[in-house]
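*Asks:* Dropping the structure in here first, questions after.
No lab work stands behind these numbers, since they all come straight from the coordinates. All figures in this text were calculated on a predicted structure; none of them were measured in a lab. Note: ideal-geometry Cβ built from the backbone for every residue, glycine included; neighbour counts use all protein chains shown.
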Amino acid sequence: MISEKMAEALNKQINAELYSWYLYLAMAAHFEDQNFTGTAKWLKLQANEEMGHAMKFFQYLNDVDKKVQLSKIDAPPEKLGNHTEVFEQVVKHELLITKNINDLADLAVAEKDHATGNFLIWFVNEQVEEVAAAKQIFEKIKMVNNVPGGFFMIDRELGMRA
């Protein structure tokens, strides 16, 4: 059985994952509007991944007989910017989610909640991949920032994400 404090923290993480979904969906729409369909595809797939993360937390709370408490999802920023600005936001956001996951893992250790600690290992590892992927894209975008057609090359590459 997990503590109420842990259940509350996990519910907050559901909200954070849903905000990630909402943010990446807004970013996808932003690039769809500019006909960068490859970038939009990458971001839509990322949004779907974030929804999957939220559902893992949702199911875990149900499995440990704790109430899922959904809260308001903040609106993403209205102005998102160009590829460089957006993917800088993606990196910052993934670092924030990583901090959240690490804080949850720390709480599990402090509470000697081995089940939740074990559950969170997947997310700890997933965040390493998420941050690495976001940083790699951001660095590539910075490299082509002043190259004519550079964003089109990046867009094509991002559109190949399966």
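*Asks:* Residue under question is residue 8, and the condition is that it be among the charged types (D, E, K, R), assigned to a helix (DSSP H, G or I) and farther than 18 Å from residue 95 by Cβ; does it hold?
*Replies:* yes
*Asks:* In addition: Looking for whichever is in contact with a Lys or Arg (Cβ under 8 Å, 6 or more places away or on another chain), surrounded by 13 or more Cβ atoms within 10 Å (Cβ to Cβ) and polar (S, T, N, Q) here; the options are 116, 84. Which one fits?
*Replies:* Just a single option satisfies the conditions, and that option is 84.
*Asks:* Farther than 19 Å from residue 56 by Cα, touching a His at 6+ places or on another chain (Cβ under 6 Å) and in contact (Cβ under 8 Å) with a residue 24 or more places away in the chain: does that describe residue 80?
*Replies:* In short, yes.
*Asks:* Which is surrounded by fewer than 19 Cβ atoms within 10 Å (Cβ to Cβ), part of a helix (DSSP H, G or I), in contact with a Phe, Trp or Tyr (Cβ under 9 Å, 6 or more places away or on another chain) and acidic (Asp, Glu), of 49, 32?
*Replies:* Among 49, 32, only 49 is surrounded by fewer than 19 Cβ atoms within 10 Å (Cβ to Cβ), part of a helix (DSSP H, G or I), in contact with a Phe, Trp or Tyr (Cβ under 9 Å, 6 or more places away or on another chain) and acidic (Asp, Glu).
*Asks:* Residues 86, 109: which one is more than 18 Å from residue 129 (Cα to Cα) and in contact with a His (Cβ under 8 Å, 6 or more places away or on another chain)? Break it down into steps so the answer makes sense when it comes.
*Replies:* Working: 109 fails: in contact with a His (Cβ under 8 Å, 6 or more places away or on another chain).
Step by step, each of 86, 109 is checked, and only 86 is more than 18 Å from residue 129 (Cα to Cα) and in contact with a His (Cβ under 8 Å, 6 or more places away or on another chain).
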